[in-house]
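Undergrad: For reference, the structure I am asking about is given below.
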């Protein structure tokens, strides 16, 4: 039976998301409409098209398969800079100021950006402003949708069930806007839809919804991630956001040798005419989202 809900009290990012992405990397699970990643990868493989500006993969997770030293070597081979992110969670690697400080110290001598990827609203409460301000950026998505029963709908799972598409979109879109109220610099996996309704992307992501999402990210100075794994957002949304002067980032959400492999991202650069002026760069001290936006 398809599993629609995460068990209440479990942490989806630790129990499901990481396992899902790990399986996808092994070719066991695939997101509808995206490539299934498996097998060996040429570390230097990139599309023939060159971006014309420094390329950064801001969405890289360390793992047993991708240590920090391996990540740096892979970034050098692909001529791509990496931004390393980790999920904050009470039972995770980053749970409080002490663990955040160790994370920052572990990365500070490597040529990478230091980021964080919260999953739940109000994630910043356990941390001091001083330490959060040392992060180069904070990245967040809307893939863990709160349920009225207190649980969470893990919409990245291939077996997620949606029985009423329009009711889902209403709740999901509202949660997108809620996430954009958080002190974040990058909005990840934008416009992603669960596998079971992904074929209705152009119908469900109406012009009205897209315009509102773009208006919000621009107003709040949040960059839009072009996600390599999920192949979102589509060119229609990217073009709309570009016309509104939104900024963009690239992200693989990888924990292995897929890091920095950015075929879809570079395809969108070419198709949508993105240039260096359209791309996000981490903010200097005093201008980061965590310093500009009040914490809940």
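Undergrad: Normalise the Debye intensity by I(0) for the range 141-190, one equal point scatterer per Cα, no solvent, then take log10 at q = 0.16, 0.18, 0.20, 0.26 Å⁻¹ and round to two decimals.
TA: Each listed q maps to, in turn, -0.47, -0.59, -0.73, -1.14.
Undergrad: Multiplying the sequence separation of residue 122 and residue 50 by 0.36 nm and subtracting their Cα-Cα distance, what value in nm do you get?
TA: Details: separation 72, 0.36 × 72 = 25.92 nm, distance 3.90 nm.
Taking residue 122 through residue 50 to full extension adds about 22.0 nm, to one decimal.
Undergrad: Any chance you could list the semi-axes, whole Å, largest first, of the equivalent ellipsoid that the Cα gyration tensor gives for the range 103-192, using √(5λ)? Display every interim value, and only then the final one.
TA: On the way: eigenvalues 177, 38, 26 Å².
Those come to 30, 14, 11 Å.
Undergrad: Now, a different point. Considering only DSSP beta bridges whose two residues both sit in the range 43-188, what percent are antiparallel, to the nearest 5?
TA: Values: 3 of 13 bridges.
The antiparallel proportion sits near 25 percent.
Undergrad: Take residue 69, project a point 7 Å from its Cα along the Cβ direction, then tell me which residues of the range 94-125 have their backbone nitrogen under 20 Å from it.
TA: 103-113
Undergrad: Next question. Could you calculate the contour length gain from residue 177 to residue 133, that is, 0.36 nm times the residue separation minus the distance between their Cα atoms, to one decimal place in nm?
TA: Details: separation 44, 0.36 × 44 = 15.84 nm, distance 2.34 nm.
My answer for the length gained is 13.5 nm.
Undergrad: Semi-axes, largest first, in whole Å: what does sqrt of 5 times each Cα gyration tensor eigenvalue give for the range 169-233? Provide the component values of the computation, followed by the final result.
TA: Working: eigenvalues 72, 38, 22 Å².
Each semi-axis is √(5λ); the values are 19, 14, 10 Å.
Undergrad: Convex hull over the alpha-carbon atoms of the range 228-272: what's its volume per residue in Å³?
TA: On the way: hull volume 2.7 nm³, N = 45.
Dividing the Cα hull volume of the range 228-272 by its residues yields 60 Å³.
Undergrad: For the pair residue 243 and residue 263, what calculated FRET efficiency results from E = 1/(1 + (r/R0)^6), where r is the Cβ-Cβ distance and R0 = 25 Å, to the nearest 0.05? Walk me through the intermediate numbers first.
TA: Working: r = 24 Å, r/R0 = 0.98.
Efficiency computed from Cβ-Cβ geometry: 0.55.
Undergrad: Sticking with this structure for a sec: Apply the Debye scattering formula to the range 44-169, with a single equal point scatterer on each alpha-carbon and no solvent, then give log10 I(q)/I(0) at q = 0.15, 0.21 Å⁻¹.
TA: Each listed q maps to, in turn, -0.85, -1.19.
Undergrad: Follow-up question, since we're still on this one. What FRET efficiency comes out for residue 77 versus residue 101 if R0 is 41 angstrom and r is the Cβ-Cβ distance? Round to the nearest 0.05. If you can, show how the numbers build up before the last one.
TA: Numbers: r = 31 Å, r/R0 = 0.75.
Once rounded, the FRET efficiency stands at 0.85.
Undergrad: Mind listing the Cα extents of the range 148-296 along all three principal axes, in Å, largest one first?
TA: Here the spans come out as 43, 37, 34 Å, largest first.
The numbers here are math on the coordinates, done by the rules we state, and not lab data. These numbers were taken from a predicted model, which means no experiment stands behind them. All Cβ positions, glycine included, derive from the backbone under ideal geometry; neighbour counts span all protein chains shown.
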